[in-house]
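The values are calculated or read from the model by the stated rules, or taken from the named source; none is laboratory data. Fair warning: this is a prediction, and the values are worked out from it, not measured in the lab. So basically every Cβ, Gly included, is an ideal-geometry build from the backbone, and we count neighbours across all protein chains shown.
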Amino acid sequence: MKTIASCVTELLVSQPFLEEALSRNIINYSALAEELVPAVSEMLKKPVKSGAIMMALRRYSAPQNIASSVKLKKMLEGLGDITVRSNLTDFTFQNSKTLIDSHSRILEHVGVNTSIFYAFTRGIHESNLIISSSEERHVLDCFKGEQLIGMVGQLSAISISLPLNNSRVTGLYYQIFKRLAWEGIALYEVVSTTNEFTVLIEDPLIDKAFSVIKRLKV
């Protein structure tokens, strides 16, 4: 059975920025309670007073703030080299039985030219290829006959070397995404390996994004 407290918890968990502001005591409980009245009333299917919601907010116990985790702080301080690559194009192809053959032809070309930026990810229904814009024509030739879903240029990539055992620390990616979101920076694509993390961003935002990521280490 839903209660006012459980509804408030559900709403806060679904809005991490709001939850964090509440845990840092930088939000007005009364104003927030008034803001949540329609949503809580809808969830409970009955009118709810803001006073009851404000009481639930004051009693709410947020999870331990991951930003203050000693392990997380050390992990952020231990972030390695940050590399920026510009002039990139992102291709999206419909998956097919022949797509791997096209991919093989690109790999042969990339293998002999280490200056080319290249990343390939395969999903359930589609695959993405991120490559230096100078290779656009080569990609289109190799993937001739495949269904091209989308092609976007004027992109840049920021790659971050992650410390070993980064996968054992809670909240590392959250901190990266949160800082970028706070600055209004939308991510076009995300690619990661075990110890490397890359975000693809539109060219006009790259300087701002680099500054945000660099400050993560401070």
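Miscellaneous remarks
- Check on Ile130, within 23 Å of Glu196 (Cα to Cα) and out of contact with any helix residue (DSSP H, G or I) (no Cβ under 9 Å at 6 or more places or on another chain): yes
- Conditions (1) closer than 13 Å to Val191 by Cβ; (2) among the aromatic types (Phe, Trp, Tyr); (3) surrounded by 17 or more Cβ atoms within 10 Å (Cβ to Cβ): number failed by Phe143: (1)
- The number of residues in region 72-93 that are acidic (Asp, Glu) and either modelled with pLDDT under 80 or more than 17 Å from Phe120 (Cα to Cα) (or both) comes to 2.
Okay, residues lined up against (1) touching a helix residue (DSSP H, G or I) at 6+ places or on another chain (Cβ under 9 Å); (2) in a strand (DSSP E or B):
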residue: Ile149; (1), (2): no, yes
residue: Leu164; (1), (2): no, no
residue: Ala186; (1), (2): yes, no
residue: Val191; (1), (2): no, yes
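- Condition check for Leu148: at pLDDT 90 or above and under 19 Å from the mean Cα position of the chain (by Cα): no
- Matching residues in region 28-54 - criterion: being free of Cβ contacts under 8 Å to residues at least 12 places away in the same chain and either surrounded by 16 or more Cβ atoms within 10 Å (Cβ to Cβ) or not in a loop (DSSP other than H, G, I, E, B) (or both): Ala31, Glu35, Pro38, Ser41, Glu42
- Restricting region 105-115 to residues that are closer than 17 Å to Asp141 by Cα and of a type in the set (Val, Ile, Thr), the residue that is surrounded by the fewest Cβ atoms within 10 Å (Cβ to Cβ): Val110
- Listed conditions (1) in contact (Cβ under 8 Å) with a residue 12 or more places away in the chain; (2) closer than 26 Å to Phe120 by Cβ are all met by Lys217, apart from (2).
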